[in-house]
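Visitor: My questions will all concern the structure given below.
The values are calculated or read from the model by the stated rules, or taken from the named source; none is laboratory data. Here the structure is a predicted model, which means the values were calculated and not measured. Ligands, DNA and RNA are excluded from the accessible area calculation, which covers all protein heavy atoms including side chains. Shrake-Rupley method; radii C 1.70, N 1.55, O 1.52, S 1.80 Å.
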Amino acid sequence: MEWRDHGVILSVRRHGETSAIAELLTPAHGRCLGLVRGGRSRIQRPVLQPGNFVKAVWRARLEDHLGTFVFEPLKLSAGTIMESSFRLAGLTTLTSLSQTLPEREPHQRLYDAFQIVLDAIDNDAHWPALLVRWELGLLEELGFGLDLSKCAVTGTVENLCYVSPKTGRAASLQAGELYHDKLLKLPGFLLGQQVKSAEDILDGFKLTGHFLERHIFEPRGLDMPEQRQRMLADLAQRTH
């Protein structure tokens, strides 16, 4: 069998002396793996880098086989991103978190959002907030979406400032005032407002990180990607 799609490379690992196994995120076929013959060659290596967008042809005798990939480069962003440790940490966060998606299950919206983040990766004032929104979308796609539409206590849609770490539901300033030290902050940019500061973005990452840990990483006995922690440390330094 055979399919054709485009996608972004998530990871590459060596296979034998000359080949590689590539992991690709595609809009129509989800997260897929395949063997790239000659993938360690001088010609192929610049293409087989996480963050690069490619056209892909996947072939296998049976659907559940590993299959083989043939790639044609579309947009080779990896080389430029690697010049900045901050941007590289953001890219690695994206690729690592994407690997939590089930294999061969399409997530078109998440793929589109992935592309939006990478299209903005050269603007350090812009892409981190987009990555927070992407993480929020990942939680939703995996069935753990947060309810930020209204206050869980009063039903109001005004002055939403907090999120319950237990229920993932929003709370207004008035409803959460007495328990603010036990609640997670809800930055306004996740409600469609403008980003006010880097602290807002850090609050956003703390919010999504709490639920990523709780619902995705802890149940699997895994740790949060180290590069995500490095990215947050770098972002925190930029606030001072």
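Visitor: Please state the relative contact order of region 45-99 as a whole percent: Cα pairs under 8 Å, 6+ residues apart? Present the calculation step by step, with values, prior to reporting the outcome.
Guide: Values: 53 pairs, mean separation 18.8, N = 55.
Reported relative contact order: 34 percent.
Visitor: Relative contact order for the chain: what is it in percent, counting Cα pairs under 8 Å that are at least 6 residues apart? Mind dumping the intermediate values first?
Guide: Values: 414 pairs, mean separation 34.3, N = 240.
Computed over the chain, the figure is 14 percent.
Visitor: Using a cut-off of 20 Å between alpha-carbon atoms, which lysines can reach K75, once sequence neighbours fewer than 8 places away in the same chain are excluded?
Guide: Within the straight-line cut-off, K75 pairs with K55.
Visitor: Might you tell me the accessible area per residue for region 63-145, computed with a 1.4 Å probe and given in Å²? Don't skip to the answer; put the middle values down first.
Guide: Numbers: 3850 Å² over 83 residues.
Here the residues of region 63-145 average 46 Å² of exposed surface.
Visitor: What is the distance in Å between the Cα centres of region 55-105 and region 175-189?
Guide: Value for the Cα centre distance between the two parts: 37 Å.
Visitor: On to the next question. Which lysines have a Cα lying under 24 Å from the Cα of K196, excluding residues fewer than 8 positions away in the same chain?
Guide: Partners within reach: K150, K182, K185, K206.
Visitor: Carbon and sulfur atoms: what percent of the 1.4 Å accessible area of the chain do they account for? It would help to have the intermediate numbers written out before the result.
Guide: Numbers: 6170 of 12610 Å².
With neighbouring chains kept in place, the figure for the chain is 49 percent.
Visitor: Let me ask you something else. Only helices at least 30 Å long along their axis, Cα-based, and averaging 1.6 or more on Kyte-Doolittle count here, so list those DSSP H runs from the chain. Intermediate results must be reported in sequence, preceding the final value.
Guide: Details: long enough: none.
Result, helices passing both filters: zero.
Visitor: Next question. Quick check: residue separation of A28 and R133 times 0.36 nm, minus the Cα distance between them. What number comes out in nm? Please report the intermediate quantities before stating the final value.
Guide: Details: separation 105, 0.36 × 105 = 37.80 nm, distance 2.15 nm.
Additional length available on full extension: 35.6 nm.
Visitor: I would also like to ask the following. Hey, how much of the P(r) for the chain falls beyond 25 Å, as a percent of Cα pairs?
Guide: Details: 13303 of 28680 pairs.
More than 25 Å apart: 46 percent of the Cα pairs in the chain.
Visitor: OK, next. Please check: in the Gaussian network model of the chain (C-alpha springs, under 10 Å), which one of I81, I43, I21 has the largest mean-square fluctuation.
Guide: Judging by the Gaussian network model, the answer is I43.
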